[in-house]
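Encoded as structure tokens, the structure appears first; notes follow it.
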Ligand SMILES: Cc1ncc(COP(=O)(O)O)c(C=O)c1O
């Protein structure tokens, strides 16, 4: 059971193009373990990061009590970093661990990615407040818009503004690729996301159960050095004693995770990898990405009705109702005045309300299912095609339904449009 898990996770790491440091046979004694969820993986990474940081930055001197005292003082200064689009599981991990948590704002003009400049500013702020960042969550495929953080920029910011990666007191970087990590089976995605750069980072996680054909639960979590997990999570009890463990002949995955007991989850991964093969997985991922492109192209062909806000990215398109839906009270290039700011806010609220009406009416039909988010105060609709059973006909139904109801929402808006506006 344990051996199969080690083997299939090494196969998967290679299929995803992860650097060799995450393989059980790699140069840094890394390896993978199947967790129940990406949330569990984030928490596990954060526990190990905290332990590693404390070990590297606090001298093991004095009595046990004195060490405990300085550790508690240090813990109070430590902070976990993420971005405004990082999945909420990372905030939850910091809540569970009782550590400080700060987010770096990611911006539309950067494609909602964490950049070198954004991280550098956050590190400078931490320094000025006497805080010590020990953990950073980077994302490959944010939940809201599927953006990818700038891995090269993150390395550079950490090197220049905190501590060299690989040295004591470095910030642990956890790459959360819960959903979009599946697409890494395609070499073109490995290149586009520059996945090789994660060799400088500490952990990586993706959920096969999201977009890679394995049933819940199969969150594949990798670390560059498995000792980091074992040192943080090894709590021995006499009752666990056995010769194989004592002689170091087996991997005790209980020391790589929060629970003690675990399920035999590697078998279902084995079945998927063996029955599809890498080519089969690539074909499936490319097909679902292509469907997303086709959906977005259909929306683009109706600029009178829709505005694509992001994507398609990893089969996810985020959009809202076109600006034509509301009365635009300010010409582009007009100087901003106090009055125009108020007018712009009114337009935004109205457009949000109309986009929300579209979203609710479409979902009420029961024909398709949309999800939503909010980006910088703008209500947005999310539509994704990363599902095995999605076919061309579903895209056609989705577009037809969206067009029909968007036209209806626009028309009802035009009929009721008699509020006093600015004269043009
Ligand atoms: C980017 C990302 N990270 C983490 C999660 C949390 O996943 P889980 O339900 O496996 O904890 C999600 C869930 O949608 C996600 O999209």
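Some observations on this one:
- Flag not set for residue 179, criterion: in contact (Cβ under 8 Å) with a residue 40 or more places away in the chain, buried (at least 20 other Cβ atoms within 10 Å of the Cβ), under 25 Å from residue 57 (Cβ atoms) and within 16 Å of the ligand (Cβ to nearest atom).
- Residues that are at pLDDT below 85 and either within 16 Å of the ligand (Cβ to nearest atom) or part of a loop (DSSP other than H, G, I, E, B) (or both) within the range 216-241 comprise 236, 237, 241, listed in sequence order.
- Single residue of the range 244-260 satisfying the filter (at pLDDT 90 or above, in contact with a helix residue (DSSP H, G or I) (Cβ under 8 Å, 6 or more places away or on another chain) and in a loop (DSSP other than H, G, I, E, B)) that is nearest to residue 203 (Cα to Cα): 257
- Residues of the range 333-355 classified as outside any loop (DSSP other than H, G, I, E, B) and touching a helix residue (DSSP H, G or I) at 6+ places or on another chain (Cβ under 7 Å), total: 2
- Unmet criterion (only one of (1) over 30 Å from residue 245 (Cβ atoms); (2) surrounded by 13 or more Cβ atoms within 10 Å (Cβ to Cβ)) for residue 270: (1)
- 1 or more residues surrounded by fewer than 21 Cβ atoms within 10 Å (Cβ to Cβ) and within 16 Å of the ligand (Cβ to nearest atom): qualifying strands (runs of 3 or more DSSP E) within the range 66-148: 100-104
- So residue 396, is it loosely packed, with under 15 Cβ neighbours inside 10 Å and touching a strand residue (DSSP E or B) at 6+ places or on another chain (Cβ under 9 Å): no
- Sole residue being touching a residue at least 12 places away in the same chain (Cβ under 8 Å) and surrounded by 13 or more Cβ atoms within 10 Å (Cβ to Cβ), chosen from 386, 377: 386
- From the list 236, 215, 225, 207, the lone residue that is touching a residue at least 60 places away in the same chain (Cβ under 8 Å) and surrounded by fewer than 22 Cβ atoms within 10 Å (Cβ to Cβ) is 225.
- Residue within the range 28-41 that is under 16 Å from residue 270 (Cβ atoms), without any contact (Cβ under 8 Å) to a residue 40 or more places away in the chain and surrounded by 15 or more Cβ atoms within 10 Å (Cβ to Cβ) present: no
- Residues that are in contact with a strand residue (DSSP E or B) (Cβ under 8 Å, 6 or more places away or on another chain) and within 16 Å of the ligand (Cβ to nearest atom), drawn from the range 33-53: 33, 34, 35, 36, 37, 38, 40, 41, 42, 44, 45, 46
- Tally of residues being within 16 Å of the ligand (Cβ to nearest atom) and under 20 Å from residue 7 (Cβ atoms) across the range 242-260: 1
- Of residues in the range 184-201 being touching a helix residue (DSSP H, G or I) at 6+ places or on another chain (Cβ under 7 Å) and outside any helix (DSSP H, G or I), the one farthest from residue 171 (Cα to Cα): 186
- As for the range 31-39, it holds at least one residue that is over 25 Å from residue 115 (Cβ atoms) and assigned to a helix (DSSP H, G or I).
- Residues of the range 305-322 classified as in a loop (DSSP other than H, G, I, E, B) and crowded, with 24+ Cβ neighbours inside 10 Å, total: 2
The values are calculated or read from the model by the stated rules, or taken from the named source; none is laboratory data. Model, not experiment: these values are computed from the prediction. So basically every Cβ, Gly included, is an ideal-geometry build from the backbone, and we count neighbours across all protein chains shown.
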